[in-house]
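A quick write-up on the structure given underneath.
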Amino acid sequence: MQFSKKLVIATCAAILAGMVVGTAEAGKGGSKYRQALMKAVGGHMGAMKSILKGEGGKKESLAGHAAAMAGLARASMTAFPKDSSKMEGPTRALDAIWEKPGDFAKVSKAFIVEADKLAALAKKGDMKGAAKQIGALGKNACGACHKPFREKKK
């Protein structure tokens, strides 16, 4: 039984590594990876808001969602590699991401900083602080990126 657990973990690690390498090379399916990554971000954000508003989910689950968000923030740093603006498939990513890499890097780093703060507060069980920090994450990272670097929905 121990062998099969190790095999499953190794297989998952290999799949994830392949996804990152494929995206870094701006290969086939890169836009699908980015969209899946951002859907995961939105899913965790929605779940955390639901918990904090008392609309569903357990308070104990907040730390897991916040830790996942911090991990996704780091993963997003490799999701928009240089020269990948012409990836296949539909995308709402604007060329400004690649035309202004310094500005994009700044908001990407803010995503990590704000998500890490949220994860620390959630881990301590500070629900009030986490609620305030989720607003800061939305403003300083999500909104700061979506406005200049993502096409509005039509």
Residue pairs qualifying under the 9 Å Cβ cut-off, at least six apart or on distinct chains, with the first in the range 52-64 being surrounded by 13 or more Cβ atoms within 10 Å (Cβ to Cβ) and the second being outside any helix (DSSP H, G or I), are LYS59/GLY125; LEU62/GLY125; ALA63/GLY125
LYS132 passes all but one of the listed conditions (1) more than 16 Å from the chain's Cα centre (by Cα); (2) touching a residue at least 12 places away in the same chain (Cβ under 8 Å); the exception is number (2)
Of the residues in the range 99-139 that are touching a Pro at 6+ places or on another chain (Cβ under 9 Å) and assigned to a helix (DSSP H, G or I), the one that is surrounded by the fewest Cβ atoms within 10 Å (Cβ to Cβ) is ASP103
Does MET87 fit the bill of being assigned to a loop (DSSP other than H, G, I, E, B) and either closer than 24 Å to LYS153 by Cβ or modelled with pLDDT of 95 or more (or both)? yes
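Pick out the one residue from ALA120, ALA79 that is within 19 Å of LYS32 (Cα to Cα) and among the aliphatic types (A, V, I, L, M). Working first, answer last.
Values: ALA120 fails: within 19 Å of LYS32 (Cα to Cα).
Result: ALA79 is the single residue among ALA120, ALA79 that is within 19 Å of LYS32 (Cα to Cα) and among the aliphatic types (A, V, I, L, M).
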Q.
Residue under question is ALA67, and the condition is that it be touching a residue at least 12 places away in the same chain (Cβ under 8 Å), farther than 21 Å from LEU52 by Cβ, of a type in the set (Gly, Ala, Ser) and surrounded by 16 or more Cβ atoms within 10 Å (Cβ to Cβ); does it hold?
A. no
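The values are calculated or read from the model by the stated rules, or taken from the named source; none is laboratory data. Everything numeric here is computed off the predicted structure, so don't read it as measured data. Methodologically, a virtual Cβ is constructed for each residue, glycine included, from the backbone with ideal geometry; neighbour enumeration extends over all protein chains shown.
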